[in-house]
Amino acid sequence: MAGEFPIVFALYPRVTQLDFTAPLEVFARLPGAAIVLAAVRGGELAVDSGVTFANVRPLAEVQECALLCVPGGFGTAAAMEDPLYLEALRRLAARARYVTSVCTGSLLLGAAGLLHGKRAACHWAFRELLPLFGAIADSRRVVREGTLFTGGGVTAGIDMALTVMAEIAGQDLAEAVQLAIEYSPDPPFDCGRPEAARAEILAAVRRRFDAGWPGRLAAAQRASAALPGAAAPAH
C-alpha cells in the first residue's frame, strides 16, 4: 500500500476515549497512516472520562479520508441529533474506502442514514436501537458488511481495527501488530458479555445504563424519524 492513508476519527463531546484510542493504536501502524481527530467545533474536546484532547480539527475542514471511524460514548444521544455532525459523516463516508464504528458509534452511522438494510454491531445495552435506523442488529464482536466494519462495545475496537488492518494490508501485518501491542486477552473475570455475567452483576450494570436509556431512545427515535423516507410514527 503506497502513499498516504488518511484516517479520520469523527469525535463529539463526551465520546468514550477508549472507543477511539484503542483502534487508533492499531490503525496508526498502517503503512502511510495519517491520523486526524476531528469534531464539529474543533479545538479542545472533553471526553466522557473528563480528559480533554487538544488540537482537534473542525470536521468542516476535513475534505476526505480513506478510513472513517465513528466511536461511541455518553454523548451519542446529542450527536445523533447534531445535523452538522451527521452531514460530516455522510460526506466523509461517501468517499471513504472503509467506514468503521465502535460501540454506540454504529447508532451514529444509523442516524446518518448509512446502515439501512445492513447488519451492524453495537454495545449490548443499546443494540436494540439499531432497527430504528433500518439496520439488522448483530451480537458478534465484529461485523462486516462489504467495506463497512462495526465493532461491539468499547474494547471490541481493537478487534475491529485488527480485522480491518488484515483486509487493508494483509494478515501478516495484522498479526505482527497484535503481537507488538501484546493483545492477548486474558481477563480476570468471565463476565465481559451479558450472557456470561452473574445475574446480580448484569442487573447492577443495567441499572447504570437505564438512567440514560430514555434520553438515548428518544434521541434515536427522533433521529430515525428525520431520515429521508422515514415512515410517520405509529400512534
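A short reminder: the numbers here are calculations on the coordinates, not readings from a lab. Not measured: the values here are computed from a predicted model. Neighbour counts run over all protein chains shown; Cβ positions are idealised from the backbone, glycine included.
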Quiz item: What value, in deg cm²/dmol to 500, does the helix sum -39500 (n - 2.57) over DSSP H runs of n ≥ 4 give at 222 nm once divided by the residues of the chain?
Solution: -10500 deg cm²/dmol
Quiz item: So between Thr52 and Ala225, what do we pick up on full extension, going 0.36 nm a residue minus the alpha carbon distance?
Solution: 59.0 nm
Quiz item: Taking the simple approach of a point 7 Å from Cα along Cα-to-Cβ for both Arg41 and Glu64, what is their distance in nm?
Solution: 3.1 nm
Quiz item: What's the exposure ranking of Tyr12, Tyr183, going from fewest to most Cβ atoms within 10 Å?
Solution: Tyr183, Tyr12
Quiz item: How high is the relative contact order of the chain, in percent, with contacts defined as C-alpha pairs under 8 Å that are six or more residues apart?
Solution: 17 percent
Quiz item: Fewest first, what order do Val56, Val15 take by the number of other Cβ atoms within 10 Å?
Solution: Val56, Val15
Practice problem: Excluding Thr52 itself, calculate the net charge of residues whose Cβ lies under 12 Å from the Cβ of Thr52, where each Lys or Arg counts +1 and each Asp or Glu counts -1. | Solution: -1
Quiz item: Counting Lys +1, Arg +1, Asp -1, Glu -1, what net charge surrounds Glu4 among other residues with beta carbon under 13 Å of its beta carbon?
Solution: 0
Exercise. Could you run the Karplus curve 6.51 cos²θ - 1.76 cosθ + 1.60 with θ = phi - 60° over the stretch 70-83 and give me ³J(HN,Hα) per residue in whole Hz, x for Gly and Pro?
Key: 10, x, x, x, 6, x, 4, 4, 5, 5, 4, 10, 9, x
Quiz item: In what sequence do Leu84, Leu217 fall when counting other Cβ within 10 Å, fewest first?
Solution: Leu84, Leu217
Exercise. May I ask you to work out the translational diffusion coefficient for the stretch 79-214 at 37 °C, viscosity 0.692 mPa s, via Stokes-Einstein with Rh from the Kirkwood sum over Cα pairs, reported in whole µm²/s?
Key: 204 µm²/s
Quiz item: So if R0 is 22 Å, what FRET efficiency would Asp172 and Arg97 give, r being the distance between their Cβ atoms, rounded to the nearest 0.05?
Solution: 0.65
Quiz prompt | Scaled radius of gyration (Cα, divided by 2.2 N^0.38 Å) that the chain gives | solution = 0.98
Quiz item: Applying the Karplus parametrisation 6.51 cos²θ - 1.76 cosθ + 1.60 with θ = phi - 60° to the phi angles of the stretch 20-32, what ³J(HN,Hα) value in whole Hz is obtained for each residue in order, glycine and proline being reported as x?
Solution: 10, 6, 5, x, 4, 4, 7, 4, 4, 8, 5, x, x
Exercise. Report the charge-dipole magnitude of the stretch 1-118 in Debye, nearest 20, computed about the Cα centre from +1 at each Lys and Arg Cβ and -1 at each Asp and Glu Cβ.
Key: 280 debye
Self-check item: Cut-off 11 Å between beta-carbons: net charge of the residues surrounding Met80, Lys and Arg +1, Asp and Glu -1
Solution: 0
Self-check item: Relative packing of 62-68, 151-157, 190-196, 39-45, which averages over residues the other C-beta atoms within 10 Å, highest first
Solution: 151-157, 62-68, 39-45, 190-196
